[in-house]
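Chemist: What follows is a single structure, and I will ask about it in a moment.
The values are calculated or read from the model by the stated rules, or taken from the named source; none is laboratory data. All values derive from a computational prediction rather than experimental measurement. Don't worry about glycine lacking a Cβ; one is built from the backbone with ideal geometry, like all the others, and counts go over all protein chains shown.
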Amino acid sequence: KKEADFNNIAAIGMYQTNVYAADVGITTLGTEDWEEGENLVGVQLVKPGGAIGVIALDGTVSVNGVEAKSYGGGAYYARFDADDTSTKTVTLTSSNGESTEFEISS
């Protein structure tokens, strides 16, 4: 079940630089088109208050206006060129119209 209520979601910001190329054999789903050296920026959504579990958002995640792709396990990333390590704004928008955002740096 997807979650739309931000009261039931905790967010962990992620900024991964210089990712491995797909031919390294990473087993994470959806990594087949990752390019060596590029950067991933996004969020992992988990249950709040120390509860165990990950959350699928009923809504969208975007980073600097680029829609982030869901990689499962509550992880949503947008891809950026290797030379772009600027501060990014991560925006979460739920299907019920709520929106929140935060900035993250490399």
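Listed here are the residues, each with its yes/no results for (1) of a type in the set (Ser, Thr, Tyr); (2) under 18 Å from Asn18 (Cα atoms); (3) exposed (fewer than 12 other Cβ atoms within 10 Å of the Cβ).
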| residue | (1), (2), (3) |
| --- | --- |
| Val61 | no, no, no |
| Gly74 | no, no, no |
| Asp81 | no, yes, yes |
| Asp84 | no, yes, no |
| Lys88 | no, yes, no |
| Thr91 | yes, no, no |
| Ser94 | yes, no, no |
| Gly97 | no, no, yes |
| Glu103 | no, no, yes |
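Chemist: Which condition number does Glu38 fail, the rest of (1) exposed (fewer than 13 other Cβ atoms within 10 Å of the Cβ); (2) within 20 Å of Ile104 (Cα to Cα); (3) charged (D, E, K, R) being met?
Modeler: (1)
Chemist: Taking Lys1 as meeting all but one of (1) touching a strand residue (DSSP E or B) at 6+ places or on another chain (Cβ under 9 Å); (2) in a loop (DSSP other than H, G, I, E, B), write down the number of the exception.
Modeler: Failing condition for Lys1: (1).
Chemist: Can you tell me which residue in the stretch 11-34 is modelled with the lowest pLDDT, limited to those that are part of a loop (DSSP other than H, G, I, E, B) and closer than 18 Å to Lys88 by Cβ?
Modeler: Ranking the qualifying residues of the stretch 11-34, first place goes to Trp34.
Chemist: So, one more: Please pick out the residue among Lys1, Lys47 that is touching a helix residue (DSSP H, G or I) at 6+ places or on another chain (Cβ under 8 Å) and either surrounded by fewer than 13 Cβ atoms within 10 Å (Cβ to Cβ) or free of Cβ contacts under 8 Å to residues at least 60 places away in the same chain (or both). Outline the logic, then answer.
Modeler: Working: Lys1 fails: touching a helix residue (DSSP H, G or I) at 6+ places or on another chain (Cβ under 8 Å).
Being touching a helix residue (DSSP H, G or I) at 6+ places or on another chain (Cβ under 8 Å) and either surrounded by fewer than 13 Cβ atoms within 10 Å (Cβ to Cβ) or free of Cβ contacts under 8 Å to residues at least 60 places away in the same chain (or both) holds for just one of Lys1, Lys47, which is Lys47.
Chemist: Also, quick follow-up: Within the stretch 55-106, can you find the residues that are in a loop (DSSP other than H, G, I, E, B), over 15 Å from Glu38 (Cα atoms), without any contact (Cβ under 8 Å) to a residue 60 or more places away in the chain and not β-branched (Val, Ile, Thr)?
Modeler: Across the stretch 55-106, the qualifying residues are Ala56, Asp58, Asn64, Gly65, Tyr71, Gly72, Gly73, Gly74, Gly97.
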